Amino acid sequence: MSMKILAAVEASSLKAEVPSFAIGDTVDVHTRILEGDKERIQIFNGVVIAKAGSGSRETFTVRRIVAGEGVERKFPLHSPKIATIEVKRSGVARRAKLYYLRDRSGKATRLREKRDDVVAAVKGKTTKKKAAATAKA
């Protein structure tokens, strides 16, 4: 009974549209910053190295290098302080957490890029071949 109540309360704080991104993706997180009585948008660009939690408590960690120093920041996914999340590049990750990137520097921190256009082209060719083979038979 109490879980249903918690779920109902939690549902009101969830965002309607959450962008889909995965571990290894390079993202721009646009956060709202209050400076006195003015509000501005600040962009934090980096690689998503972790996702944790569920529901309104879901968070993701973004890592970037600033002046040769690694900077990580955790963001609550459903926070009203987050204006938008833009996926700049999709990376191939074979792990759920990319904490090993903390020990690496320079080019060693790069991840292979997911190439959706190549995958679609390959799938398109195989279906054409299969269609031609079935047409002949």
(request) Name the single residue, out of those in the stretch 54-87 being closer than 24 Å to Y100 by Cβ and exposed (fewer than 12 other Cβ atoms within 10 Å of the Cβ), that is modelled with the highest pLDDT. (result) K74
(request) Return the total of residues in the stretch 32-51 being loosely packed, with under 13 Cβ neighbours inside 10 Å and free of Cβ contacts under 8 Å to residues at least 40 places away in the same chain. (result) 10
(request) Mind listing whichever residues of the stretch 45-104 are assigned to a strand (DSSP E or B) and among the small types (G, A, S)? (result) G46, A50, A52, G70, A83, G91
(request) Would you mention how many residues in the stretch 7-31 are surrounded by 12 or more Cβ atoms within 10 Å (Cβ to Cβ), farther than 24 Å from I65 by Cβ and without any contact (Cβ under 8 Å) to a residue 60 or more places away in the chain? (result) 1
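The values are calculated or read from the model by the stated rules, or taken from the named source; none is laboratory data. Here the structure is a predicted model, which is why all the values come from computation and not from measurement. Because the Cβ atoms are built from the backbone with ideal geometry, glycine has one as well, and the counts that use them run over all protein chains shown.
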